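The structure appears right after this line, and notes come after that.
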Amino acid sequence: MTRLSMVKSLLSNQRDVQRQTIKVTLNFLTRDQTKQEMSERLGYNVEQLSTWVIINGRHQSTDGAHITIRGFQGKWAAITVHIYVDEWYRYEDYAAWLNGKKLRQKTTQLRKKGQHGLDSRL
């Protein structure tokens, strides 16, 4: 079974933001579509990863607000994922990297203001 870990000091000081970060991450990791897409790109079942770690809290960058998580096989990082969220911490999209190489482009049309395209309650 895969574990989800986090460094509490890297999460927001606000409890509601911490809860939403964890909720969005758990919902993302348990979606069948997410598991299937990442397994296809990795070449093995993503559920073989032993641990997922939230490595930073919500932050801004040129790509927009996102939660960064990293999947590990044993002690080695296997995949890094940015889960894009809106200002209300609703899931919008994700992008994934393996060894610095992008596995999945975020879907820019979903990032347009007011167009989520996915169930934003995730």
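The values are calculated or read from the model by the stated rules, or taken from the named source; none is laboratory data. None of these values were measured; they are calculated from a predicted model. Backbone-built Cβ (ideal geometry, glycine too); neighbour counts: all protein chains shown.
Remarks
- Residue in segment 63-71 that is at pLDDT below 90, within 15 Å of the chain's Cα centre (by Cα), outside any strand (DSSP E or B) and on the phi < 0 side of the Ramachandran plot present: yes
- Pairs where the first residue, in segment 1-27, is at pLDDT 80 or above and the second is exposed (fewer than 11 other Cβ atoms within 10 Å of the Cβ), C-beta under 6 Å, 6+ apart: none
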